[in-house]
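As structure tokens, the structure follows; a few thoughts come after it.
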Amino acid sequence: MLTFPNGKINLGLNITEKRPDGYHNLETVFYPIPIEDALEINLLHEGSRKYCLHQAGIEIAGEAENNLVVKAYKLLDELFDLPPVDIHLFKHIPSGAGLGGGSADAAFMLKLLNEKFNLGLSIESMEDYASRLGADCAFFIRNAPTYAEGIGNVFSPISLSLKGYQLWLVKPDIFVSTRDAFSQIKPHRPERPLKETIQLPVEEWRNCMVNDFEESVFPQFPAIREIKEEMYRQGAVYASMSGSGSSVYGIFKPNASLPDIDFGKEAFVYKGKLVV
Ligand SMILES: C[C@](O)(CO)[C@H](O)COP(=O)(O)OP(=O)(O)OC[C@H]1O[C@@H](n2ccc(N)nc2=O)[C@H](O)[C@@H]1O
Ligand SMILES: Nc1ncnc2c1ncn2[C@@H]1O[C@H](COP(=O)(O)OP(=O)(O)OP(=O)(O)O)[C@@H](O)[C@H]1O
């Protein structure tokens, strides 16, 4: 059985409060984007192992057992004593990019196991399991535009569609540590709640919707700021860093023509239409 976990971008990201447990409360809108990994599971017939992970595409640092798809399998295996599975993961979504690729894989693995083994899990219980695997993981269960608060795990649906707009996304060869990015932020509430800002016309977002991480990440990595400025030079309606970086996206009118621009040999570049 095969599925295609997709990435997300953050539309606006306000870090509002530091919590006693060290984590931060935030408000953001998660928006699904059509950059996809491929994830397949089959019954594993050989040997005594419960799972075997085969990886291809972009390399993920670390041991197989730390892969979020394996963590998702182990979580449900503890509860349902699942049959052994052979897992194939083809990574296309860059990691450490603010695109939630690892979280997407984990959430889609829960959905895949639920379907393959007829576990009968509700959307709500899959969201609950997903939230144990990562702060923003549960978003990928419904995978629809969502307003998120808390540590990125308290959701409400929003009415928003950018369907037909073009997305231009660039992830330079720069690693930004999410933990360090959070530690450099002075939390504060925005003048207007993001839930209201997001309902303004897209053309107005540029003047009032921000990603708070840009203030600390741009001075440290001016090349990331430069990509955002390039997006606006090319006519983006809205441009921003996603999550804690290092990817930057531009949203363009449906008929805009996007030229070829050299963002460096190692940069990941995606251009495509938004589909939701
Ligand atoms: C910033 C976002 O990209 C917004 O979508 C995500 O919230 C980040 O999610 P993520 O990469 O899955 O981050 P995690 O692996 O959960 O957390 C990495 C580190 O970031 C810090 N962290 C994360 C989320 C949060 N709400 N407050 C935090 O302070 C913590 O120090 C944590 O140890
Ligand atoms: N299946 C997986 N795909 C990608 N990363 C994984 C996976 N499993 C574990 N990881 C680990 O999770 C870390 C972060 O992955 P992910 O791609 O979700 O981060 P991100 O792009 O920073 O997203 P965000 O900050 O928006 O959640 C990586 O450092 C990687 O080692």
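Where a number appears in this text, it was derived from the coordinates with a stated rule and is not lab data. Since the model is a prediction, treat every value here as computed from it, not as a measurement. Ideal geometry is used to build each Cβ from the backbone, glycine not excepted, and the neighbour counts take in all protein chains shown.
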Q: Tell me the label-point distance for the pair Glu46, Ile58, using the 7 Å Cα-to-Cβ offset, in nm and rounded to one decimal.
A: 3.1 nm
(Q) What whole-number distance in Å separates the alpha-carbon centres of segment 11-69 and segment 198-276? (A) 23 Å
Q.
Two decimals, Cα atoms only, Kirkwood Rh: what is Rg/Rh over segment 1-155?
A. 0.97
Q: Would you please put 100-106, 88-94, 152-158, 258-264 in order of how densely packed they are, using the mean number of other Cβ atoms within 10 angstrom per residue and starting with the highest?
A: 100-106, 88-94, 152-158, 258-264
(Q) Return the Rg/Rh ratio of segment 83-220 with Cα-based radii and a Kirkwood Rh. (A) 0.99
Q. Can you give me the pair-distance distribution of the chain, C-alpha pairs, 10 Å bins, whole percents?
A. 6, 29, 35, 21, 7, 1
Q: Please tell me which of these pairs span more than 27 angstrom C-alpha to C-alpha: Lys228/Lys253; Lys186/Lys265; Lys116/Lys195; Lys91/Lys195; Lys8/Lys111; Lys50/Lys116?
A: Lys186/Lys265; Lys116/Lys195; Lys91/Lys195
Q. Each residue of segment 238-243 in turn: what ³J(HN,Hα) in whole Hz from Karplus with 6.51, -1.76, 1.60 and θ = phi - 60°, glycine and Pro shown as x?
A. 8, 9, 6, 6, 9, x
Q) In the chain, which whole DSSP H runs stretch at least 27 Å along their own axis (Cα) and average -1.0 or higher on the Kyte-Doolittle scale? A) none
**Q.** Label-to-label distance, nm, for residues given as Glu266 and Gln199 (7 Å Cα→Cβ offset)
**A.** 4.5 nm
Q. If you take the charge dipole of the chain about its Cα centre, with +1 on Lys and Arg Cβ and -1 on Asp and Glu Cβ, which of Gly22, Asn153, His188 is farthest toward its positive end?
A. His188
Q) Rounded, prolate or oblate: which fits segment 163-272, taking a ≥ b ≥ c as square roots of the Cα gyration tensor eigenvalues, rounded meaning a/c under 1.5, else prolate when a/b beats b/c? A) oblate
Q) So what J values fall out for segment 177-192 if you push phi through Karplus, 6.51 cos²θ - 1.76 cosθ + 1.60 with θ = phi - 60°, rounded to Hz, Gly and Pro as x? A) 6, 4, 4, 5, 4, 4, 5, 8, 9, 9, x, 7, 8, x, 4, 10
Q. Under a point spin-label approximation (7 Å from Cα along Cα-to-Cβ), what is the Glu226-Thr178 distance to one decimal in nm?
A. 2.8 nm
Q: Could you size up the charge dipole of segment 1-155 around its Cα centre, putting +1 on the beta carbon of Lys and Arg and -1 on that of Asp and Glu, and report it in debye to the nearest 20?
A: 100 debye
**Q.** Rounded to the nearest 20 debye, dipole of the chain from Cβ charges on Lys, Arg, Asp, Glu
**A.** 460 debye
